[in-house]
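Participant: After the structure tokens below, expect a handful of questions from me.
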Amino acid sequence: MQKAQRSAKAPALAVRSLIAQLTPALFKTFSQGYGKKDFRKDLAAGITVGVVALPLAMAFAIGAGASPAQGLYTAIIAGFVIAVFGGSFHQVSGPTGAFVVIIADIIAMHGMAGLQLATLIAGLLLIFMAVSGLGSIIKFIPYPVTIGFTTGIGVTIFVGQLKDLFGMSIPKPAPEFFDKIGQYFEYASTSNLFALGAGLATIGIIILVRRFLPKLPAAVSAVAIVTLVSFLLKFPLETVGSKFGALPKGFPAPQFPAFSFGQLRQVFPSALTIALLAAIESLLSAVVADGMTGTRHSSSAELNGQGLGNLASALFGGIPATGAIARTATNIKAGATSPVSALIHSLVLLLFTLFLSPLVQAIPLATLAGVLVVVAVDMSELPRFFSMRKAPKSDLAVMAATFILTVVVDLTAAVQVGVLLAILLFVKRARDTSALIPQGAGKRLAEEYLGKSGAPSPGDKLDPDSTVSHAIPERCEVYEINGPFFFGVADMLQDVLGGLEKAPKVFILRMRHVPAIDATGLNALRSFAKRCRHHGTALILSGVREQPIQAMAKYGLAEELGSENICSDLDKALKRAESLLAKA
């Protein structure tokens, strides 16, 4: 009766738990009490980070091959929606450098319609991650993979900005990395020294402001100074307005893209990459914010907010968005207390778009290129990249492969191959740490097992359940599996009987150090049991732990082996073996 009541309550408890995990930080802020003092702090922080986000939103969009207006739409709409539904108290979201490369590739291959579809799919994938609780797993993307594609993105962004930094006139910029470099040599004679001066001045001012006036927003200061000087002295520079025209005073009507299943298949890998990058960067940014403020974000709520934000951005013609570490840190340093500051940041950008667009249109493209060059250098984290040479060769190989694929092929392939290589590396290491160890007595034990170290380890002598302290009967073999029994180690059992000089009458397989078994392990164990029966060998399992015994029962393997042949410890297994040998 009680068991039935618990079963009935389980779905309700699961729903309540999910609702708690998805509860936005903004709701928690207001439920815990929010006063005028908090609002004044958030207002100041929101204005500050809104001004900082203005050039970055446009620079990232232009660097990806989109329009500056799309970057602003994204920062305004996605930034607002994520602030409402997200799980971090201080996160500021919008376009980021991590997306520049993948967006450029999608636009080159599938156009703006393909980018819109990919962003919508990515939004749905992020919501799925939130509801399924995958947020806690996303954090464990291997370090060699993240450093490989982060540095690769930095290098790609840097190379992509050289056209605008030098003011080159290239009729149709190539999307491929080496083709771009070839074009730069081909069109080097079209360089504009005024553009190069504006770009280098921007980089120099950012460095100086960071060094001597760290409280000032470096990128905003540099863009404002260079834009003002260029405008007053009438330098012949290509600007946001001259290339893209006037910024629209308003937003496009929301529009769902028409698509076919063929297009869906084509853009899905890119959408998956967007979702993974958005999840990784937003959760990393949220962790950084927690470390700076002492708060605690909800991974599920944050991913849900990111998913909804990307859906909204795509419907209004924007580009992918995620949590931005630099803007989040600026928000915190400016005194933000809650997600209200991120809402104000979006409203500040909206005011710029509606009422100050002439100022925005006067910004030289070389200046925004200079900002992105600094972002690229910051992203590349070259000291960490080069420090990986001291890491194990396998990790170095994963990082190098991810880096090369990011630069030479595209980010989608890099992330997929990098994660696949990391999984294979994990399987190899797990297999190396798992072992099938012979523990029988006599010369064979000394030759096959103890010969590796020369003698039993001191731990074996102290262990009361060790075979060293037990008499192993004749015609009985004892082997022990150490580590998880999964697909990476399942083949260890297959050739054990064939490797023995004579098939034993009893084979004891110890599983006291097997915390878990998967379907491949279960199938391998079933096949091994069949081989034992074929050779007239009785199979006894010893010390089977909770997860493996439950899995074997569910798989029907426990019934096949017989409950009398599944023993709780070695003593009982040896007694069972002696009784079977007595009957033989």
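Participant: Determine the equivalent ellipsoid of region 268-323 by diagonalising the alpha-carbon gyration tensor, then write out the semi-axes as square roots of 5 times the eigenvalues, largest first, rounded to whole Å.
Facilitator: So the equivalent ellipsoid measures 23, 12, 9 Å along its semi-axes.
Participant: Which of the three applies to region 338-379, rounded, prolate or oblate, going by the alpha-carbon gyration tensor with a ≥ b ≥ c and a/c under 1.5 meaning rounded?
Facilitator: Note, shape of region 338-379 comes out oblate.
Participant: For the chain, what is the calculated [θ] at 222 nm in deg cm²/dmol (nearest 500), taking -39500 (n - 2.57) for each run of four or more DSSP H residues and dividing by its residue count?
Facilitator: The per-residue figure over the chain is -20500 deg cm²/dmol.
Participant: Continuing with the same structure: What is the gain in length, in nm to one decimal, between Val15 and Phe259 on full extension, counting 0.36 nm per residue of separation less the C-alpha to C-alpha distance?
Facilitator: 84.4 nm
Participant: Any chance you could run the full-extension gain for Ala397 through Gln547? It's 0.36 nm times the residue separation minus the Cα-Cα distance, nm to one decimal.
Facilitator: Roughly 50.5 nm would be gained on extension.
Participant: Taking semi-axes √(5λ) of the Cα gyration tensor in Å straight from the coordinates, which label in [x] 48, 26, 23; [y] 59, 28, 21; [z] 37, 28, 25 is the correct one?
Facilitator: Correct label is [y].
Participant: Going by C-beta contacts inside 10 Å, put Met492, Met399 in order with the fewest on the left.
Facilitator: Met492, Met399
Participant: May I pose another question? Could you tell me which of the pairs Lys41/Lys249; Lys28/Lys249; Lys554/Lys575; Lys37/Lys243 are separated by over 32 angstrom between their Cα atoms in the structure shown?
Facilitator: Lys28/Lys249; Lys37/Lys243
Participant: Test of understanding: ordering Lys575, Lys505, Lys234 by Cβ neighbours within 10 Å, fewest first, what list do you get?
Facilitator: So the ranking, lowest neighbour count to highest, is Lys234, Lys575, Lys505.
Participant: Per residue, how much space in cubic angstrom lies within the convex hull of the C-alpha atoms of region 128-269?
Facilitator: Hull volume normalised by residue count: 249 Å³.
Participant: Relative to the longest principal axis of the chain, what angle (0 to 90°, nearest 10) does the C-alpha long axis of helix 261-293 take?
Facilitator: With rounding to tens, the tilt is 90 degrees.
Participant: A further question follows. Among the listed pairs Lys36/Lys333; Lys502/Lys530; Lys180/Lys390, give every one whose C-alpha distance is greater than 22 Å.
Facilitator: Beyond 22 Å between Cα atoms: Lys180/Lys390.
Participant: If you average the alpha carbon positions of region 35-55 and of region 230-302, how far apart do those two centres end up, in angstrom?
Facilitator: 21
Participant: Go through Thr537, Phe386, Phe27 and say which Cα lies farthest out towards the positive end of the charge dipole of the chain; charges sit on Cβ, +1 for Lys and Arg, -1 for Asp and Glu.
Facilitator: Phe27
Participant: For Glu302, Glu474, what's the fewest-to-most ordering of other Cβ within 10 Å of each Cβ?
Facilitator: Values: Glu302 29, Glu474 10.
Lowest count first: Glu474, Glu302.
Participant: Once the Cβ-Cβ distance between Leu216 and Phe355 is put in as r, and R0 is 22 Å, what FRET efficiency do you end up with, to the nearest 0.05?
Facilitator: That gives a FRET efficiency of 0.40.
Participant: Next question, about the same structure. Local charge sum around Val407 (other residues, Cβ-Cβ under 13 Å, Lys/Arg +1, Asp/Glu -1)?
Facilitator: Combined, the nearby Lys, Arg, Asp and Glu give -3.
Participant: Divide the volume of the convex hull of the Cα atoms of region 199-335 by its number of residues and quote the answer in cubic angstrom per residue.
Facilitator: 184
Participant: Compute the acute angle (0 to 90°) between the alpha-carbon long axis of helix 218-232 and the principal axis of greatest extent of the alpha-carbon atoms of the chain; round to the nearest 10°.
Facilitator: 30
Read-outs throughout are calculated quantities, based only on the coordinates presented, and are distinct from any laboratory measurement. The structure presented is a predicted model; accordingly, all values stated were derived computationally and were not measured. All Cβ positions, glycine included, derive from the backbone under ideal geometry; neighbour counts span all protein chains shown.
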